[in-house]
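Below is one structure, written out as structure tokens, with a few remarks after it.
The values are calculated or read from the model by the stated rules, or taken from the named source; none is laboratory data. The model shown is predicted, which means the values in this text are computed figures rather than measured ones. Methodologically, a virtual Cβ is constructed for each residue, glycine included, from the backbone with ideal geometry; neighbour enumeration extends over all protein chains shown. Side chains included, ligands, DNA and RNA excluded: accessible areas come from the protein's heavy atoms. Shrake-Rupley method; radii C 1.70, N 1.55, O 1.52, S 1.80 Å.
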Amino acid sequence: MPTTTYDDGLDRDVEGFKIGTELGTEAAIVKYGSIDTEWSDLALVGSVEEMLAEGMDILDIGGESTRPGYEQISSEEEIDRVAPVIEAVKQRFQVPVSLDTYKSKVARAGIASGADLINDIWGLKYDEDMAAVIAKSGVACCLMHNRDNTNYYDLMDDIKDDLNESVRIALTAGIPKDKIMLDPGIGFGKTYE
């Protein structure tokens, strides 16, 4: 896969990954009935098998919706939603699992359940313990650009500056460069237009 090296010294893959998403959110509970053994054994297996057949490289599992207007849930509720799903996937499939969370307590529990990567929509800036949890575990991370203030002076420069700050936090905590992926966060306060 070709890479491009930027001024900050990080290599970025030019090609991407095909990521499948399976959520332990309220919408998924409505879709599947409940997050329990029946859900894990029936609906989850079929869903993951379908995504693998379509060429999925990474399965991203999240327990809290991050759509505009979402309601934040407790770490405990989020853990209850994602841990059994991660465990069920890892027991049945050979696919890397990404956990979509910005809470260190959830990340720690997800990693213990088998998550291979933490996908943090706040780029290590929401929870001051997140970077240390990722560094200690040795898993990879995807750091997304996101901010409360979406009044950009220069969109591309602002995204670059904000992501550079996320990378600085990661490297300072001891996360190796080759374990860091970046996401520009399209759809989170900005669009391609």
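From 174, 185, 138, which residue is under 23 Å from residue 85 (Cβ atoms) and not hydrophobic (A, V, I, L, M, F, W, C)? Full working, then the answer.
Numbers: 174 fails: under 23 Å from residue 85 (Cβ atoms); 185 fails: under 23 Å from residue 85 (Cβ atoms).
On inspection, the qualifying residue turns out to be 138.
Among the residues that make up segment 158-181, is at least one of them part of a loop (DSSP other than H, G, I, E, B) and at pLDDT below 95?
Within segment 158-181, the first condition is being part of a loop (DSSP other than H, G, I, E, B), and the residues that meet it are 174-176.
Then keep just the ones that are at pLDDT below 95; that gives none.
Scanning segment 158-181 turns up no residue that is part of a loop (DSSP other than H, G, I, E, B) and at pLDDT below 95.
With the requirement that a residue be in a loop (DSSP other than H, G, I, E, B) and either touching a strand residue (DSSP E or B) at 6+ places or on another chain (Cβ under 6 Å) or buried (at least 24 other Cβ atoms within 10 Å of the Cβ) (or both), what does segment 90-113 give you? Lay out the reasoning, then the answer.
Residues of segment 90-113 in a loop (DSSP other than H, G, I, E, B): 93-96, 101-103.
95, 96, 101, 102, 103 - these are the residues of segment 90-113 that are in a loop (DSSP other than H, G, I, E, B) and either touching a strand residue (DSSP E or B) at 6+ places or on another chain (Cβ under 6 Å) or buried (at least 24 other Cβ atoms within 10 Å of the Cβ) (or both).
Test each condition in (1) part of a loop (DSSP other than H, G, I, E, B); (2) open to solvent by 10 Å² or more (accessible area, probe 1.4 Å); (3) modelled with pLDDT of 95 or more for residue 123 and report the one that comes out false.
Looking at each condition in turn, residue 123 falls short on (2).
Just to be sure I understand the filter: pairs with C-beta atoms under 7 Å, separated by 6 or more residues or on different chains, first member in segment 83-101 and within 26 Å of residue 124 (Cα to Cα), second member basic (Lys, Arg). Which pairs pass?
Final answer for the pair search is 97/90.
Of everything in segment 126-145, what is part of a loop (DSSP other than H, G, I, E, B) and of a type in the set (A, V, I, L, M, F, W, C)? Give them in sequence order.
At the first step, the residues of segment 126-145 found to be part of a loop (DSSP other than H, G, I, E, B) are 126-129, 138-139, 145.
Result: 139, single match.
Quick test of your reading of the structure: residue 35 fulfils all but one of (1) modelled with pLDDT under 50; (2) under 30 Å from residue 164 (Cα atoms). Name the failing condition by number.
Just one mismatch for residue 35, condition (2).
Can you spot a residue in segment 141-159 that is of a type in the set (Ser, Thr, Tyr), open to solvent by less than 70 Å² (accessible area, probe 1.4 Å) and over 28 Å from residue 49 (Cβ atoms)? Write out each step before concluding.
Here is the first cut: in segment 141-159, the ones of a type in the set (Ser, Thr, Tyr) are 150, 152-153.
Applying the additional criterion that residues be open to solvent by less than 70 Å² (accessible area, probe 1.4 Å) yields 150, 152.
Checking which are over 28 Å from residue 49 (Cβ atoms) leaves us with 150, 152.
The answer is yes, given that some residue of segment 141-159 is of a type in the set (Ser, Thr, Tyr), open to solvent by less than 70 Å² (accessible area, probe 1.4 Å) and over 28 Å from residue 49 (Cβ atoms).
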